[in-house]
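Shown next, in structure tokens, is the structure this report addresses.
The values are calculated or read from the model by the stated rules, or taken from the named source; none is laboratory data. Here the structure is a predicted model, which is why all the values come from computation and not from measurement. Here Cβ is always computed from backbone atoms with ideal geometry, including for glycine, and neighbour counts include all displayed protein chains. Keep in mind that these areas ignore ligands, DNA and RNA; they rest on the heavy atoms of the full protein, side chains included. Shrake-Rupley method; radii C 1.70, N 1.55, O 1.52, S 1.80 Å.
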Amino acid sequence: MPATFYSFRRCPYAMRARLAIAISQTPVLLREILLKNKPEEMLALSPKGTVPVLKLENGEVIEESVEIMLWALEQADPQAWLSPNHNKMLQWVEENDGQFKTALDKYKYAVRFPEQSPEDYRQQGELFLLKMERQLSQSRYLMGEQLSLADMALLPFIRQFASVDLQWFEQAPYPQLQAWLKQFIDSALFRSIMQKYPTWLDSQQEVSFP
Ligand SMILES: N[C@@H](CCC(=O)N[C@@H](CS)C(=O)NCC(=O)O)C(=O)O
């Protein structure tokens, strides 16, 4: 029996997990969920109630997206996404999931955070965009000339930040970041992980993924 994988199509954390599972070609059974109606089966495995969640054949549960990426790439890493500089790679993820994600949420849902303006929240997020832009001016990808887990873990979030106000993003002074994002959005890999599946609770159908 392959592992069971709870996912939600539009969640950037679930996207990064699907990217790693897809590139590693590790078969899992995907259960598409809705955040507003989470399956009891998932909550029983992982009471914190976030996606993605992976239940391995041996019963072990992995409930953090980066851990799922690492698990998948340990099964197979055909494009060498696991950079030799493991710590630096995970530092990018930590920074993304911390300060940047906080700014992203406030920018995206600015009406819920009236203390500051959307532009203020955007500027807070731009500190990270600038750091990435600097790195991408020095090397093709975040960890060097080779695409890695760091790029793939961050791309779904930068895509979300860009799409809050695409017009603004496209004229903002981040040419390397824009090219890096475009290459990802245009890729067959990204298209493949954005395929639509019926909700598992409704259909009771899990699908083989990738
Ligand atoms: N640290 C977790 C975060 C996962 C997360 O927050 N996922 C969101 C969806 S994008 C979620 O499930 N939120 C719970 C909810 O909205 O009820 C991870 O990396 O997997």
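The GluC sites (Glu not before Pro) of the range 41-121 meeting both criteria, a DSSP state outside H, G, I, E and B (loop) and at most 14 other C-beta atoms within 10 angstrom of the site's C-beta, are Glu57, Glu60, Glu115.
The dipole here belongs to the chain: it is taken about the Cα centre, uses +1 on the Cβ of Lys and Arg and -1 on the Cβ of Asp and Glu, and is about 420 debye. The 1.4 Å probe gives accessible areas that order Asp77, Asp186, Asp202, largest first, as Asp202, Asp186, Asp77. Backbone amide hydrogens, once placed in the peptide plane, bring Val28 within less than 5 Å of Phe209, excluding anything fewer than 5 places away on its chain. Which value, in Å to one decimal place, does the Kirkwood hydrodynamic radius take for the range 1-108 when every pair of different Cα atoms is included? Across the range 1-108, the inverse of the average 1/r is 14.6 Å. Applying a DSSP loop filter and a limit of 13 other Cβ atoms within 10 Å to the chymotrypsin sites (Phe, Trp or Tyr not before Pro) in the range 100-131 leaves Tyr109. Diffusion coefficient of the range 1-61 by Stokes-Einstein, Kirkwood radius over Cα pairs, 4 °C, 1.567 mPa s: 111 µm²/s.
Pairs from the list Lys36/Lys182; Lys36/Lys196; Lys101/Lys131; Lys101/Lys182; Lys48/Lys101 with a Cα-Cα gap above 23 Å: Lys36/Lys182. Overall size of the chain from C-alpha positions, given as principal axis extents largest first: 48, 41, 28 Å. For the chain, the longest principal axis of the C-alpha atoms and the axis of helix 149-164 are separated by about 70°. Split the accessible area of the chain by element, probe 1.4 Å, and carbon with sulfur accounts for 49%.
The largest accessible area among Val207, Val53 belongs to the first residue in Val207, Val53, and the rest follow in falling order (1.4 Å probe, all chains). Rounded to the nearest angstrom and listed largest first, the equivalent-ellipsoid semi-axes of the range 86-187 from its Cα gyration tensor are 23, 15, 11.
Quick check: pseudo-label points 7 Å beyond the Cα along Cα→Cβ at Ser117 and Glu41, how many nm apart are they? So the two model labels end up 5.0 nm from each other.
Only the Cβ atoms of Lys and Arg (+1) and of Asp and Glu (-1) were treated as charged; on that basis the dipole of the range 48-139 about its Cα centre amounts to roughly 300 debye.
The HN-Hα couplings worked out from phi for the range 165-173 by the Karplus form 6.51 cos²θ - 1.76 cosθ + 1.60 (θ = phi - 60°) are 8, 4, 4, 4, 4, 5, 9, 6, x Hz, whole numbers, x standing for Gly and Pro. What the phi angles of the range 176-182 give under the Karplus curve with 6.51, -1.76 and 1.60, with θ = phi - 60°, is a coupling list of 5, 5, 4, 5, 4, 5, 5 Hz, glycine and proline written as x. Net charge dipole, the range 1-77: roughly 460 debye, given to the nearest 20, about the Cα centre with Cβ charges of +1 for Lys and Arg and -1 for Asp and Glu.
Each Lys or Arg adds one and each Asp or Glu subtracts one; over the other residues with Cβ under 14 Å from the Cβ of Met1, this totals -1. When the Cα positions of Leu73, Phe100, Ala44 are compared along the charge dipole of the range 42-102, Phe100 comes out farthest toward the positive end, with charges on each C-beta of Lys, Arg, Asp and Glu.
Phi-derived couplings, Karplus 6.51 cos²θ - 1.76 cosθ + 1.60 at θ = phi - 60°, listed residue by residue for the range 190-198: 4, 4, 5, 8, 9, 4, 8, 10, x Hz, with x used for Gly and Pro.
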